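Chemist: Pasting a structure below so you can have a look.
The values are calculated or read from the model by the stated rules, or taken from the named source; none is laboratory data. Because the structure is a prediction, the values reported are computed rather than measured. Counting neighbours? That spans all protein chains shown, and the Cβs are built from the backbone with ideal geometry, glycine included.
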Amino acid sequence: RLYDPIDRLGQFLNAYQSAAASLEKVAGLLAQEPGVPEPAVPRELPAARAELPGRQVDFDDVSFSYRTGGEVLPRFGLRLEAG
């Protein structure tokens, strides 16, 4: 009867430590200055016109693997249309 509450407390403390470490990493990431400075006078980009042909991004026969393992994304294909 005594073991279960102590075990749950230990699990909670482990989860709390993990969450605190993750929060510290995220806070460090958010505190970083961007590598590319914002321009003093930003340019306005022209609006994309979806009716023009060729306005898409294609991934055709793309594969990905980690150095230490096998292929995790074999022969991937995706077309992203404009808009």
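Chemist: Got a number for residues in segment 41-64 being in a loop (DSSP other than H, G, I, E, B) and at pLDDT below 85?
Modeler: Let us first name the residues in segment 41-64 that are in a loop (DSSP other than H, G, I, E, B), namely 41-55.
Narrowing the set further to residues that are at pLDDT below 85 leaves 45-55.
Final tally of qualifying residues: 11.
Chemist: Output the residues belonging to segment 30-48 that are without any contact (Cβ under 8 Å) to a residue 12 or more places away in the chain and among the hydrophobic types (A, V, I, L, M, F, W, C).
Modeler: Within segment 30-48, Leu30, Ala31, Val36, Ala40, Val41, Leu45, Ala47 qualify.
Chemist: Oh, and also: Using the structure shown, decide if Arg67 is in the same structural domain as Ala82 (by TED's automatic domain parsing), in a loop (DSSP other than H, G, I, E, B) and not aliphatic (A, V, I, L, M).
Modeler: Yes.
Chemist: Taking Ala15 as the residue in question, decide whether it is surrounded by 10 or more Cβ atoms within 10 Å (Cβ to Cβ) and either small (Gly, Ala, Ser) or under 22 Å from the mean Cα position of the chain (by Cα) (or both).
Modeler: The answer is yes for Ala15.
Chemist: Here's a follow-up. How many residues are assigned to a strand (DSSP E or B) and surrounded by 10 or more Cβ atoms within 10 Å (Cβ to Cβ) if we restrict to segment 74-83?
Modeler: Residues flagged as assigned to a strand (DSSP E or B) and surrounded by 10 or more Cβ atoms within 10 Å (Cβ to Cβ) within segment 74-83 amount to 3.
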